C-alpha cells in the first residue's frame, strides 16, 4: 500500500525577496501564534532572525486564511528581509526568511501556491501605484520639437 504524503505546501519569502514554495515537514496548528522551525525544511531556514517565528498578520484571500510568520529581531547583521509586504506590515522590518501558511475557513491546514501569494499582494496593495506599470505620458501629452527633453537625446546624423 502506498502512503499518501499529506504534508501541505507553504510560501517562503526569502530575505532576498525571492518567493519559493516548500512542503511543510510537520502539521501546523491554526491556533499557533508561533511557527516552529521544525516544520520548515533545512534549505528554507538557512536565513533566519533571532528568537521565535511570530505570527505578524493574517490575510484573507480567495476564501483562504494566509498567516504570515516572521522574526522581529536580527541574528546576523545584513539579513533584513528586503521584501515589500502589504499593509499593515509595509513599514515593519523583519529578519531572515518570512513564511506564509494557509488555512481554510474551518482552520484546516491547506496547501498554498505562488498564485495565492500574488493574489494576496494584489489585493492588499490595492490603491498603491506600481511604478512602471503604465506609461508615464498621458494620451493628451506630446513631446514638442523644442522641448528640453530633446537636449538629452542623442540623435544619429
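The values are calculated or read from the model by the stated rules, or taken from the named source; none is laboratory data. Note that the coordinates shown come from a computational prediction; the quantities given were computed from them, not determined experimentally. FYI the Cβ positions are ideal-geometry reconstructions off the backbone, even for glycines, and counts take in every protein chain you see.
Listed here are the residues, each with its yes/no results for (1) under 21 Å from residue 26 (Cα atoms); (2) within 19 Å of the chain's Cα centre (by Cα); (3) at pLDDT below 55; (4) not in a strand (DSSP E or B).
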site	(1), (2), (3), (4)
118	no, yes, no, yes
121	no, yes, no, yes
136	no, no, yes, yes
145	no, no, no, yes
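Could you list all residues from the range 92-116 that are assigned to a loop (DSSP other than H, G, I, E, B) and buried (at least 21 other Cβ atoms within 10 Å of the Cβ)? Steps first, please.
First, the residues of the range 92-116 that are assigned to a loop (DSSP other than H, G, I, E, B): 92-94, 104-108, 111-113.
The answer is 94, 112.
Can you pull out the residues in the range 37-68 that are closer than 27 Å to residue 105 by Cβ, in contact (Cβ under 8 Å) with a residue 12 or more places away in the chain and assigned to a strand (DSSP E or B)?
The answer is 53, 54, 55, 56, 57, 59, 61, 64, 65, 66, 67, 68.
Filter the range 81-91 for residues that are under 16 Å from residue 59 (Cα atoms) and either surrounded by 22 or more Cβ atoms within 10 Å (Cβ to Cβ) or out of contact with any helix residue (DSSP H, G or I) (no Cβ under 7 Å at 6 or more places or on another chain) (or both) and give the result.
84, 85, 88, 89, 90 - these are the residues of the range 81-91 that are under 16 Å from residue 59 (Cα atoms) and either surrounded by 22 or more Cβ atoms within 10 Å (Cβ to Cβ) or out of contact with any helix residue (DSSP H, G or I) (no Cβ under 7 Å at 6 or more places or on another chain) (or both).
Tally time: how many residues in the range 69-80 are under 27 Å from residue 104 (Cα atoms) and crowded, with 17+ Cβ neighbours inside 10 Å? Steps first, answer last, please.
Initially, the range 69-80 is screened for residues under 27 Å from residue 104 (Cα atoms), giving 69-72.
Now narrow it down to the ones that are crowded, with 17+ Cβ neighbours inside 10 Å: 69-71.
Matching residues across the range 69-80 total 3.
Go through 9, 36 for me and flag whichever is farther than 17 Å from residue 112 by Cα, surrounded by 12 or more Cβ atoms within 10 Å (Cβ to Cβ), in contact with a strand residue (DSSP E or B) (Cβ under 9 Å, 6 or more places away or on another chain) and modelled with pLDDT of 90 or more.
Within the list 9, 36, the selection yields 36.
Out of 26, 52, which single residue is touching a strand residue (DSSP E or B) at 6+ places or on another chain (Cβ under 9 Å) and more than 23 Å from residue 118 (Cβ to Cβ)? Lay out the reasoning, then the answer.
On the way: 26 fails: touching a strand residue (DSSP E or B) at 6+ places or on another chain (Cβ under 9 Å).
Exactly one residue qualifies, and that residue is 52.
In the list 84, 27, which residue meets the criterion of being more than 24 Å from residue 123 (Cα to Cα) and in a loop (DSSP other than H, G, I, E, B)?
Values: 84 fails: more than 24 Å from residue 123 (Cα to Cα).
Going through 84, 27 in turn, the sole match is 27.
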